[in-house]
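A short write-up of the structure that comes next.
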């Protein structure tokens with residue numbers, strides 16, 4: 001039943017914080033890149049993200065360090081930021097970068113830099129453009145008709161899919177479901193029911209939509 005005609009754009013970064021490192025006891029008091037990273041994550045989560053248009057952010061993966069008794073010389077966190085509004089996403093990206101830099105400045109002032117200072121390097125690991133196909137476009141309307149004809153109720157939504165690329169260039173595009181049911185997306189409890197009857201019925205929507213787009217009555 002789902003028709004994704006709004007493409008949620010995303011900006012993804014790996015933030016790598018580096019410092020001199022040292023013995024957790026003997027070098028205590030020097031700058032710690034993990035402290036800078038922790039502040040950066042905490043400060044990011046103070047941002048009150050708009051709900052309309054929806055804007056989201058996530059600190060998703062982290063790692064680094066060498067030993068429990070060593071101040072790390074390198075740690076990292078991967079971040080994901082999303083919105084269907086390209087302007088709002090750009091504003092969040094700018095604020096994100098400032099927060100990373102501010103966290104480094106704070107750590108270098110808070111502790112000793114006698115063996116070196118903390119720095120941060122941002123590496124882009126994902127850049128998906130935002131876009132949308134109007135709900136009134138023939139591709140969307142005809143797909144909705146196919147959904148209805150197969151006994152479902154059309155549901156229009158925004159998501160991040162392969163359709164983002166053409167939509168961002170003004171080319172009509174959508175993403176639809178493949179049939180069956182599922183839940184808990186992107187969690188360790190994610191599940192899908194591929195029972196044949198429900199799957200074939202759902203896939204029939206896709207076939208009908210393709211035939212309609214090709215001009216077949």
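Read-outs: derived from the displayed coordinates by stated rules, not from any lab. Everything quoted here is computed from the prediction, not taken from an experiment. Cβ atoms come from the backbone with ideal geometry, glycine included; neighbour counts cover every protein chain shown.
Taking a ≥ b ≥ c as the square roots of the Cα gyration tensor eigenvalues, with a/c under 1.5 meaning rounded and otherwise prolate when a/b beats b/c, else oblate, which class fits the stretch 48-136?
Values: a/c = 3.36, a/b = 2.35, b/c = 1.43.
Since a/c reaches 1.5 and a/b is larger than b/c, the shape of the stretch 48-136 is classed as prolate.
Among rounded, prolate and oblate, which fits the stretch 144-194 when a ≥ b ≥ c are the square roots of the eigenvalues of its C-alpha gyration tensor, a/c under 1.5 means rounded, and a/b larger than b/c means prolate? Before the final figure, lay out the partial values.
Numbers: a/c = 2.89, a/b = 1.21, b/c = 2.38.
It is oblate, given that a/c is not under 1.5 and a/b is not larger than b/c.
Within the stretch 144-164, list the residues whose amide N lies under 17 Å from a label point set 7 Å along Cα→Cβ of residue 211.
Counting only backbone N, you get 144-152.
With axes computed from alpha carbons, what is the tilt in degrees of helix 33-44 against the longest principal axis of the chain, rounded to the nearest 10 within 0 to 90?
Compared with the principal axis, the helix lies near 40 degrees.
Jot down the radius of gyration and Dmax of the stretch 1-80, Cα atoms only, both in angstrom.
Values for the stretch 1-80 (Cα only, Rg and Dmax): 17.4, 62 Å.
So, by mean Cβ neighbours within 10 angstrom, what's the order for 41-51, 163-173 with the highest one leading? The partial results should precede the final answer.
Values: 41-51: 13.0, 163-173: 17.1.
Highest to lowest by the protection proxy: 163-173, 41-51.
Can you tell me, using C-alpha contacts under 8 Å and at least 6 residues apart, the relative contact order of the chain as a whole percent?
On the way: 428 pairs, mean separation 67.3, N = 217.
Rounded, it is 31 percent for the chain.
Rounded to the nearest 0.05, what FRET efficiency do residue 115 and residue 186 give with R0 = 45 Å and r taken as the Cβ-Cβ distance? Could you check? List each step's numbers first, then the result.
On the way: r = 40 Å, r/R0 = 0.90.
The pair residue 115/residue 186 has a calculated efficiency of 0.65.
Can you give me the angle between helix 196-213 and the longest principal axis of the chain, using Cα atoms only, in degrees from 0 to 90, rounded to the nearest 10?
The angle comes out at about 80 degrees.
For the stretch 129-217, take the alpha-carbon Rg, divide it by the Kirkwood Rh, and send me Rg/Rh. Each step should come with its number before you reach the end.
Values: Rg = 14.1 Å, Rh = 14.2 Å.
Taking Rh as the inverse mean 1/r over Cα pairs, Rg/Rh reads 0.99.
If you scale each eigenvalue of the Cα gyration tensor by 5 and take the root, what three semi-axes come out for the chain, rounded to whole angstrom and sorted largest first?
Values: eigenvalues 440, 71, 28 Å².
Taking √(5λ) for each Cα gyration eigenvalue gives 47, 19, 12 Å.
Can you tell me the 0 to 90 degree angle between the C-alpha axis of helix 86-110 and the longest principal axis of the chain, rounded to 10?
Taking Cα atoms only, the helix is inclined about 20 degrees.
What FRET efficiency comes out for the pair residue 201/residue 54, r = Cβ-Cβ distance, R0 = 35 Å, nearest 0.05? Mind showing how you got there, number by number?
Values: r = 31 Å, r/R0 = 0.88.
Once the sixth-power term is evaluated, E becomes 0.70.
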